[in-house]
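First comes the structure, then the notes that go with it.
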Amino acid sequence: MRLHTSLVFEPSTQISALQRHVDRLKQNPEVAALLILACDANGYTPANLDPLLHACTKPVLGGIFPQVLHEGRAWSEGVVVVGLSRAPVFVALKNLSQHSGFEETLDHSFNLSTLPAPHTLLVFVDGLSAHISSLVEGLFNTFGLEFNYLGGGCGSLSLQPKPCVITPAGLLQDGALLVLLDYPSSIGVAHGWVSISKPFKVTSAQGNTIHSLDWRPAFEVYQEILKMHGDQHITPDNFFSIAKAYPFGITRLDAEMVVRDPLTIRDQHIVCAGEVPTGTFVRVLHGNQHTLLQAAQRAHAVARQSWAETQSHPHELQFVVDCISRALFLEQNFCQELAAIHTSGPMLGALTIGEIANSGQDYLEFYNKTAVVGFF
């Protein structure tokens, strides 16, 4: 059975435009659930979106992102609406930032013995929540490599917390949505950032905030590195515009470094998209157009090769999760990254605040500044 029966992009930001697509799809007997990827600029809020979600007789699932992707193009306004041909099993999690462990909750989420294989778990999470990496670790500890994983951080480029995860019960802030699809997939992950510094020990951190590196204020160390590398004078006022080119990299054994995107400064502390545990070692990274585009091509090639090795039929759909900060860094050249990723066939996705995926069959991570390509 096909994964979807309908895939459309609606350029209008109006709730009434989305309502027309929802009404059409919920009356279609071949549609069992709806997947929605919406732009933050649409202005969807619980007040204007929740009535639509509550009234729909079929589950509406998805998220609100800085931008969405459709057929090889990035859109800052509009919404992608997909009619899924089979109803997925899904679980919504609330108040992520108040959790320290997720294994017990996740252990009761899905009854794997009743579900046919293969599976793909879509993960949509509030990208500004403090414990996303803990959730991802909990997913791996609970389910291991039972499925492929693909998803990312919802939210606004303004970095102002707001409800952004779409569930049948309404929009969630500081929450996550797990959507289990019984369809095969293949995943490719790559980022293209390279180290420009020695490793620094994270001597104090809390959640997604780095307090000190090598027992010194984190921002002070970061300033020195950027001054030495490109004579960059970074301050709290210009932080985001410069820091988008200088992320952190967390070393992983036998794998690419996991990138952490510095978002803002609070009292000489650096707030990142995703946790940076105390005791880990980080490097400051840098990249250029060439290394990032090469990485996008590599992510596509890995996903394509994995599909060819495991499936005997062509893929039906390409699902891309790419970091919004890659688009900000590449600017007008980001279209070249999308061209490298989207080669043929239907394509949808989002530009996210952090990416969630397993690389091959070995790792599950919460990434930043990374390109993730999924074939279904």
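The values are calculated or read from the model by the stated rules, or taken from the named source; none is laboratory data. Here the structure is a predicted model, which is why all the values come from computation and not from measurement. Don't worry about glycine lacking a Cβ; one is built from the backbone with ideal geometry, like all the others, and counts go over all protein chains shown. Just the protein is used for accessible areas: all its heavy atoms, side chains included, with ligands, DNA and RNA removed. Shrake-Rupley method; radii C 1.70, N 1.55, O 1.52, S 1.80 Å.
The strands (runs of 3 or more DSSP E) falling completely within the range 215-286 that include 1 or more residues that are free of Cβ contacts under 8 Å to residues at least 60 places away in the same chain map to 248-252, 262-266. Scanning the range 151-168 for residues that are open to solvent by less than 10 Å² (accessible area, probe 1.4 Å) and assigned to a loop (DSSP other than H, G, I, E, B) yields a total of 3.
Got at least one residue in the range 169-186 being closer than 30 Å to residue 315 by Cα, among the small types (Gly, Ala, Ser) and outside any loop (DSSP other than H, G, I, E, B)? Yes, the range 169-186 contains a residue that is closer than 30 Å to residue 315 by Cα, among the small types (Gly, Ala, Ser) and outside any loop (DSSP other than H, G, I, E, B). Within the range 53-90, the set of residues being assigned to a strand (DSSP E or B) and open to solvent by 60 Å² or more (accessible area, probe 1.4 Å) comprises 73, 75, 90. Candidates are the residues of the range 288-327 that are over 18 Å from residue 347 (Cβ atoms) and in contact with a Leu (Cβ under 8 Å, 6 or more places away or on another chain); the one that is least open to solvent (accessible area, probe 1.4 Å) is 292. Determine whether residue 121 is among the aliphatic types (A, V, I, L, M) and assigned to a loop (DSSP other than H, G, I, E, B). Against the criterion (among the aliphatic types (A, V, I, L, M) and assigned to a loop (DSSP other than H, G, I, E, B)), residue 121 does not qualify.
Residues are listed down the side, and each one gets a yes or a no for (1) closer than 20 Å to residue 87 by Cα; (2) part of a strand (DSSP E or B); (3) touching a Ser or Thr at 6+ places or on another chain (Cβ under 6 Å):
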residue	(1), (2), (3)
6	yes, yes, no
12	no, no, no
16	no, no, no
21	yes, no, no
30	yes, no, yes
51	no, no, no
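Scanning the range 328-341 for residues that are open to solvent by 40 Å² or more (accessible area, probe 1.4 Å) and not aromatic (Phe, Trp, Tyr) yields 328, 331, 332, 335, 336, 339.
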